[in-house]
Structure formats: structure tokens, C-alpha cells
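Since the structure comes first, as C-alpha cells, the remarks are kept for the end.
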């Protein structure tokens, strides 16, 4: 399932001193939040991983599928009723023999929080 322009939309892309950042807006009305969890919606971890993979595809202009999660630390709950904009920052993007690896941090400015730190490897597919 493609989540871009559905669960989230890209607000803008920014170059930073550590890499590239995408500011995204979460759609709190998305049906995923009706089940996860009614009355107190929380973004599922699998959706966080899918968002990172989709934005890495956007950045590299490659069709990618998630191959390996070397590290995934979910440090806080992403509740769309409390935080609607996230910053997804990629650093150390490397492409070797059809694989793309990177570090990814998902955070927000208001409140100033880090929600996830990921180390991903994706596979290019045709």
C-alpha cells in the first residue's frame, strides 16, 4: 500500500547540514487510525517504516523495497491528534550494487521530539 498522498503528504523537502529532510503532514482522518487505536490514534510502526522507505524512494528516484532493518528505535508515540507535522531526515545515503542504505530520524519541531531512529537497507526493483 502506498501511503504518500493518503496517510501523509509531503509538505516540502529541505537540505540540511546532516542530509536531506522531508517535512510531512499526517492525515489524522485516515482509516488506519480508526483501528489503531479508536479514540487515541497512534501511527503503527510498520507505517513509520513504510513512510521512510517511500521517502527514500522519492529522494533516490528509485523504486525501492525494504530489504533489511539493521536498527529501529521507536522512542515516542506518533499520535496524529497531537502532532501533525513530522520531519523525516536521511543521512549517510549510500547506493551499492542495487541496494540503498541510510540512517533515518523521524522528529518534530513542536514539540521538539525524536520519535524514531532507523538504519535501513532497501533493494532497487524494476
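The numbers here are math on the coordinates, done by the rules we state, and not lab data. None of these values were measured; they are calculated from a predicted model. Using ideal geometry, Cβ is built from the backbone for each residue, glycine included, and neighbour counts are taken over all protein chains shown.
In table form, for the structure just shown:
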quantity	calculated
The chain: most fluctuating residue of 96, 11, 77 per GNM, C-alpha cutoff 10 Å	96
Which labelled figure in (1) 45, 31, 25; (2) 66, 34, 26; (3) 56, 37, 17 is Cα extents along the principal axes in Å, once derived from the coordinates	(1)
Fully extended contour minus Cα-Cα distance, from residue 12 to residue 112, at 0.36 nm per residue	34.1 nm
Most fluctuating residue given options 61, 85, 34, as computed from a GNM of the chain linking Cα atoms under 10 Å	61
The chain: angle of helix 45-60 to the longest principal axis, Cα-based, in degrees nearest 10	40 degrees
Computed helical MRE - 222 nm, the chain, DSSP H runs ≥ 4 contributing -39500 (n - 2.57), nearest 500	-5000 deg cm²/dmol
Likely footprinting exposure, 23, 48, fewest C-beta neighbours within 10 Å first	23, 48
Over segment 8-124, relative contact order from alpha-carbon pairs under 8 Å, at least 6 apart, %	27 percent
Residue-span extension gain [residue 121 to residue 68] - 0.36 nm each, minus C-alpha spacing	18.6 nm
Computed label-point distance, nm, for sites residue 42 and residue 61 using a 7 Å Cα→Cβ extension	4.0 nm
Modelled FRET efficiency - R0 22 Å, residue 77 with residue 31, Cβ distances, 0.05 increments	0.70
